[in-house]
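Beneath this line is the structure, given in structure tokens, with notes to follow.
The values are calculated or read from the model by the stated rules, or taken from the named source; none is laboratory data. Quick caveat, the model's predicted, so the values are computed rather than measured. All Cβ positions, glycine included, derive from the backbone under ideal geometry; neighbour counts span all protein chains shown. Heavy atoms of the whole protein, side chains included, go into the accessibility calculation; ligands, DNA and RNA do not. Shrake-Rupley method; radii C 1.70, N 1.55, O 1.52, S 1.80 Å.
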Amino acid sequence: MATISAPLPGIQVSEEGKLRIGDYLKWSVDHKIIGVQYAVTALFFFIIGGALAMAIRWELLTPALDVAADGTAYNQFFTMHGTVMIFLWIIPMMAGFGNYLVPLMLGAKDMAFPWLNAFAFWLIPPAGVLMILGYFAGQAQAGWTAYPPLSTMFSDGDGQTMWAIAIHLLGASSILGALNFIVTIRNMRPEGMGYFQMPLFVWAMLATSIIIVMATPFLAGGLTLLILDRVAGTAFFNPAQGGDVLLWQNVFWFYSHPAVYIMVLPGFGMLSEVLSVHARKNVFGYRAIALSSMAIALVGFTVWAHHMFTSLTPSLRIPFMVTSMIIAVPTGIKIFSWIGTIWGGKIRFNSAMLFGLGFLSMFVIGGISGVMLAAVPFDLHVHDTYFVVSHFHFVLYGGSVLAIYAGIYHWWPKVTGTLLNESMGKWHFWLTYVSFFFTFFPMHLLGMLGMPRRVAVYAPEFQTLNSIVSFASFVLGISTFILLYNMVYSLIKRKQAGPNPWRALTLEWATSSPPPAHNFHGDPVPYKNPYGYGTEAAYRYLEAQEAELGKSWPNLEEEPARALKPSSSPAGD
Amino acid sequence: MTQQISPMPERKLTRDEVIALKNKRTLVTVFQISWIMVFVCLAVVAIQIRGTSGPLPALNAIQVIVPLGATLALLGSVWTAWQSLKAIQADQRARFFVFWRYTLVLGGAFILVMLAVMAFNPYGDLLQYSQIFRVMVVYHALHALVIGAWMVQVYRNAAQGAYGSSDAWGVEAGAKLWYFVVIAWVLFYAVLYVF
Ligand code: HEM
Ligand SMILES: [Cu+2]
């Protein structure tokens, strides 16, 4: 079995398995280094976005203005919070997982275009800096959706222009990355791996990349006009001169509804891997999961106006309501397939699995509130209230972020070669899970009671619920540091993981941890079904792999009995 | 999508080189499909603006014929670019130079004429429509100029002896990106002048 890969100009062949900090701080064309660069950059911005969230919740502890100097300052908080979380945390983090994992899962040496890959990453730090420097020029304050005339006539500061340019750069980065994924997945699969033998994470990255290359250029077009309105005196969106503010909303949502799937589809892919590996069971409905991603990618382009029900021509409401309800179907198919996957499995309740299950449970709530919002009669009442804020945090935090956590616990041993501490992982999970719920669930009630979103002061009767939300959010913020501490602790302790600690069948585990510069020691042989757990053949395959690559935790060294609870020992594979 | 234009030359390539070439071809194709969406976006915006801005002024004969002529020149450049690509792949260098020169001249003429048309913007009375008209022409011209610059570079490389039947990628990329410029313009032309 041969791997296929293009020549790799300029790749540094460093010492086998040795991680050097310096390699991560400079230009590199190794997809593994780039993947880590994406992830670390994204985590940095996650902390910034999180700090802003804390500021928002502190402000909302009481009905009066407490933290923000005025309404404008508050507008800047949530504008930067939303933008940073979406464009500098979730999207780059998912790109990081994709970069690290896709070539490995395909048994390839690198992405199709290593140089382009590095270039796409290096657009992100300057964009992030530009975004944040806006603080000194009158920070952006029109929300992450940047609706004109707020983002044009009512945002004097240059920060709003810098915001738009930064988003432009981030969009370009995202498109270049996606082009690379599509070419890599199409052309660099090893012999014997057809599309329907690919790991589901690779399918998810393919669907995501297709959405990115088709939708993000629309954002580029819209932003060009917005920037021209701000700096060149055009009046596309200026109602005072006959411009049309709804034009922006249409263009923006034509990009941004698909973009919500850009943020969550990779998470779906990670979930399929995590659930199957740690339930020791074949994925239920492989084709249904793979193809429903494609269905989502397609239908996702037909629902954008559900964000504009209140401003839309009334006759168009019903068609968009119908398409929005239809898009819940492929999502539902996935949910049932995942339940089928863990059903009757030998579940290991480790941190990765817990976060996987956390995703599953919380994302369902977000999906249901999504369908509620898709119902026009309901949406007309709760549009622009905290109900919407609750909905999208259930899908983006309960979905994307919990998936990212599951992914971190699952692939950390591969990336670093060391194990994360499981007890800390469980603390992290339970604190996050519970405080997440109490941060975002009461927002449904606040919304239905009529509390609008994007306000710094509110009616006194909303105080009790808001205080609950704020206190829970502080716990949520603090719980994140358990993960960060765990990461540092793991890197210092260096408890060895070995090549395949979870006894997984996908190819990224068929090499040492971390993998050598060109990923594999020879040509890796993919197992015929990447999820064929619980069979005699899979057991033999894993045995042969262990004989070749060496042992992994928990057999690597004698573990204290505590760490070897029955549920965490590899069994039946 | 990645058609083999001639089966002969690639026989000499190594396996890795074949894949590298395949990758580059896929990249250009997917890039074209992706980036055309910006032009679609601007075209849709133009249609929308026309819907709200009331009837457009009637164009006089010159205002119709000049852009039509430029567009026909651009369409002609598709054929010349294709001829020169075929020529270099068959190692007919002289023929390649002739047709590549035609392509550059036709493309250059198109850009100049359209920029002039834009300068004499016929929609001055309709604020948003005249602005989107300018944006579209300039946005397109920027792409034409950048890709045109690459095509000039290809010409200079070829003059130094680069490219041949076994290595025509630079020419192929230039030609395919030029097709992109043409398709993008046909879309704009249809929106601005036909429908
Ligand atoms: C089951 C499928 C879903 C349906 C039917 C749905 C429906 C909706 C609707 C109708 C709105 C607009 C509410 C309003 O502003 O009045 C909305 C808002 C939103 N949805 Fe969903 N949604 C779904 C899934 C998702 C997913 C998976 C994500 C992200 C991963 C997501 C992210 C968002 C965001 C970010 C907003 C708010 C945007 C804003 O105004 O700031 N949705 N959703
Ligand atoms: Cu939506």
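Modelled spin-label separation between B:V66 and A:W115, with each label point placed 7 Å from Cα along the Cα-to-Cβ direction: 4.1 nm. Averaged over peptide A:214-227, the number of partner chain Cβ atoms lying within 10 Å of each residue's Cβ comes to 4.
For B:L106, the solvent-accessible surface computed with a 1.4 Å probe is close to 50 Å², ligands and nucleic acids excluded.
Computed from label points 7 Å out along Cα-Cβ, the spacing between B:Q32 and B:F97 is 2.8 nm. Given R0 = 56 Å, the distance between the Cβ atoms of A:A375 and A:Y539 translates into a calculated FRET efficiency of 0.65. When the residues A:V299, A:V475 are ordered by accessible surface, computed with a 1.4 Å probe over the protein chains alone, the sequence from largest down reads A:V475, A:V299.
Averaged over the residues of B:150-158, the number of partner chain Cβ atoms lying within 10 Å of the residue Cβ comes to 0. Compared with the rule-of-thumb size 2.2 N^0.38 Å for a compact globular protein, region A:116-167 has a Cα radius of gyration ratio of 1.23.
Note down the net charge around B:A162, summing +1 for each Lys or Arg and -1 for each Asp or Glu among other residues with Cβ under 15 Å from its Cβ. Result for the neighbourhood of B:A162: -1.
Listed values for region A:355-360 are Karplus-derived 3J(HN,Hα) couplings in whole Hz (6.51 cos²θ - 1.76 cosθ + 1.60, θ = phi - 60°), namely 5, x, 5, x, 3, 3, and x replaces Gly and Pro.
Our coupling estimate for region A:326-333, obtained by passing each phi through the Karplus curve with A = 6.51, B = -1.76, C = 1.60 and θ = phi - 60°, is 4, 5, 6, 5, x, 5, x, 4 Hz, Gly and Pro reported as x.
Rounded to the nearest 500 deg cm²/dmol, what is the calculated helix-only ellipticity per residue at 222 nm for the protein assembly as shown, with -39500 (n - 2.57) per DSSP H run of length n ≥ 4?
Computed ellipticity for the protein assembly as shown at 222 nm equals -22500 deg cm²/dmol.
Taking the 1.4 Å solvent-accessible surface of the protein assembly as shown as the whole, the part contributed by carbon and sulfur is 70%.
Counting 0.36 nm for each residue step from B:W79 to B:V146 and taking away their Cα separation leaves a gain of 22.1 nm.
Of A:V455, B:V44, which has the most accessible area and how do the rest follow, probe 1.4 Å?
Working: A:V455 35, B:V44 75 Å².
Accessible-area ranking of A:V455, B:V44, largest first: B:V44, A:V455.
For the protein assembly as shown, the spread of Cα positions along the three principal axes, ordered from largest to smallest, is 88, 75, 45 Å.
Across all directions, the average projected area of the convex hull around the alpha carbons of region B:90-155 is 4.9 nm².
With R₀ fixed at 51 Å, the C-beta to C-beta distance from A:Q241 to A:K426 puts the FRET efficiency at about 0.30.
Considering only A:S256, A:G222, A:G417, the residue lying farthest towards the positive end of the dipole of chain A is A:G417, judged by Cα position with unit charges set on Cβ. Run the simple label-point estimate for A:A137 and A:L491 please: 7 Å along Cα→C-beta, distance reported in nm. Reported label-point gap for A:A137 and A:L491 is 3.2 nm. Work through the residues other than A:H307 whose Cβ is under 14 Å from its Cβ and net out their charges, Lys, Arg +1 and Asp, Glu -1. In short, 0. Each residue of region A:89-101 was assigned a 3J(HN,Hα) from its phi angle through the Karplus expression (A = 6.51, B = -1.76, C = 1.60, θ = phi - 60°), giving 10, 5, 5, x, 5, 5, 4, x, 4, x, 4, 5, 8 Hz with x at Gly and Pro. Taking amide H as placed 1.01 Å from N in the peptide plane, the amide H of A:T385 sits under 5 Å from that of A:R453, each at least 5 places away or on another chain. A:L150 contributes an accessible area of around 90 Å² to the protein surface, as traced by a 1.4 Å probe with all chains present.
Determine, for each peptide in B:85-96, A:160-171, the mean count of other beta carbons within 10 angstrom over its residues, then list the peptides with the highest first.
Ranked by mean Cβ neighbours within 10 Å, highest first: A:160-171, B:85-96.
Ordered from largest to smallest accessible area (heavy atoms of protein chains, 1.4 Å probe), the residues A:T432, A:T62 come out as A:T62, A:T432. Heavy-atom accessible surface of B:R134, to the nearest 10 Å², is about 100 Å², with a 1.4 Å probe and all protein chains retained.
Per-residue mean of foreign Cβ neighbours for A:177-187 is 4 (Cβ atoms of other chains, 10 Å radius). One chain, two ends: A:I368 and A:I478. Fully extended at 0.36 nm per residue, the span grows by 36.8 nm beyond their Cα-Cα distance. Between region A:287-338 and region B:44-97, what's the alpha-carbon centroid distance in Å? What the calculation gives is 38 Å, centre to centre.
About its Cα centre, region A:30-572 has a charge dipole of approximately 1140 debye under the convention of +1 per Lys or Arg Cβ and -1 per Asp or Glu Cβ, with nothing else charged. Other residues lying with their Cβ under 9 Å from the Cβ of A:T418 contribute a combined charge of +3, Lys and Arg counting +1, Asp and Glu -1. Compared with the dominant principal axis of the Cα atoms in chain B, helix B:61-89 is inclined by about 10°.
For A:T418, nonlocal amide neighbours, meaning residues 5 or more places apart or on other chains whose placed amide H falls under 5 Å from its own, are A:A497.
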